[in-house]
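Asker: Pasting in a structure now, in structure tokens, and then I'll have a few things to ask.
The values are calculated or read from the model by the stated rules, or taken from the named source; none is laboratory data. Here the structure is a predicted model, which is why all the values come from computation and not from measurement. Cβ placement follows ideal geometry from the backbone for every residue including glycine, while neighbour counts extend to all protein chains displayed.
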Amino acid sequence: MNLKKLKRDTVFNAQLRGFDFVFHTTWGLFCPTSIDKGTSLLIDQLDVDGGDTCLDLGCGYGPIGLAMARLSNSGKIYMVDKDFVAVEYAQKNVENNGLQNCEVLLSNAFSHLPKIQFDVIASNLPGNVGKELLRIILLEARAHLQPNGKFYVVTISGLREFIKRNFKEIFGNYRKVKQGRNHTVALAIR
């Protein structure tokens, strides 16, 4: 394979929650050739209303945010990632899929977000960033949710007990929404 061919965008189609999407990705981004099983499991469980203000935290090339944008067609969706390449591809996918209600930002979790309270925050939390960073994310998520706002996460099942314990401590509640073979979707409500 030559360099020019390797550097070409990977392009694939996916149907999420009944909506058709075209995704452009590149090597180096998480799961660049298809939507991973954890992200799919999370998207299938999201409860998003038409006017919700939502956040896709750690958006990668954008599948969670794009799905939320279709579900909340009159709401506003923010998509953030700390990787500038991910932000570039998420923005490209927003535009290529004709979405007008998304704003893609470069931000290390909540560090560069405007002061916004969200109705829904969703994230495919990375399993290898350390429990300290995960705890920071959980604490900041609570602070950025509206009262009764929902925080959905999908994690590898090995983090299930950590998420359960920390959701109960930080939010006062925890619900296992869906258990897959290797992933768990959990929900906390502010």
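Asker: It is to be established whether one or more residues within segment 93-100 are in a loop (DSSP other than H, G, I, E, B), under 14 Å from the mean Cα position of the chain (by Cα) and closer than 19 Å to Ser34 by Cβ.
Answerer: First pass over segment 93-100, keeping only residues in a loop (DSSP other than H, G, I, E, B): 97-100.
In the following step, the residues that additionally are under 14 Å from the mean Cα position of the chain (by Cα) were identified as none.
Within segment 93-100 (the criterion being in a loop (DSSP other than H, G, I, E, B), under 14 Å from the mean Cα position of the chain (by Cα) and closer than 19 Å to Ser34 by Cβ), the answer is no, since none of the residues qualifies.
Asker: Take the residues of segment 108-122 that are at pLDDT below 95 and in contact with a strand residue (DSSP E or B) (Cβ under 7 Å, 6 or more places away or on another chain): which is nearest to Val48 (Cα to Cα)?
Answerer: Ile116
Asker: Filter segment 50-74 for residues that are more than 13 Å from Ala122 (Cβ to Cβ) and either more than 12 Å from the chain's Cα centre (by Cα) or not in a loop (DSSP other than H, G, I, E, B) (or both) and give the result.
Answerer: Gly50, Gly51, Arg70, Asn73, Ser74
Asker: Among Phe151, Phe110, which is in a strand (DSSP E or B), among the aromatic types (Phe, Trp, Tyr) and surrounded by 15 or more Cβ atoms within 10 Å (Cβ to Cβ)? Lay out the reasoning, then the answer.
Answerer: On the way: Phe110 fails: in a strand (DSSP E or B).
Unique residue meeting the criteria: Phe151.
Asker: To continue, here is another question. Would you check which residues across segment 75-92 are closer than 19 Å to Thr10 by Cα and not in a helix (DSSP H, G or I) and list them?
Answerer: Once the filter is applied, which keeps residues that are closer than 19 Å to Thr10 by Cα and not in a helix (DSSP H, G or I), segment 75-92 yields only Asp83.
Asker: Give the residue, chosen from Ile137, Ile163, that is more than 13 Å from Leu57 (Cα to Cα) and among the β-branched types (Val, Ile, Thr).
Answerer: Step by step, each of Ile137, Ile163 is checked, and only Ile163 is more than 13 Å from Leu57 (Cα to Cα) and among the β-branched types (Val, Ile, Thr).
Asker: Take the residues in segment 26-45 that are over 16 Å from the mean Cα position of the chain (by Cα) and of a type outside the set (Phe, Trp, Tyr); name whichever of them is nearest to Glu88 (Cα to Cα). Steps first, answer last, please.
Answerer: So in segment 26-45, the residues over 16 Å from the mean Cα position of the chain (by Cα) come out as 26-28, 33.
From the residues that got through so far, the ones that are of a type outside the set (Phe, Trp, Tyr) too are 26, 28, 33.
Values: Thr26: 11, Gly28: 13, Thr33: 17 Å.
Applying the filter and picking the extreme gives Thr26.
Asker: Quick check on Glu103: is it part of a helix (DSSP H, G or I) and more than 21 Å from Gln15 (Cα to Cα)?
Answerer: So Glu103 fails the test.
Asker: Tally time: how many residues in segment 143-186 are among the acidic types (Asp, Glu) and either closer than 18 Å to Val48 by Cα or in contact (Cβ under 8 Å) with a residue 12 or more places away in the chain (or both)?
Answerer: Going through segment 143-186 one residue at a time, the tally reaches 0.
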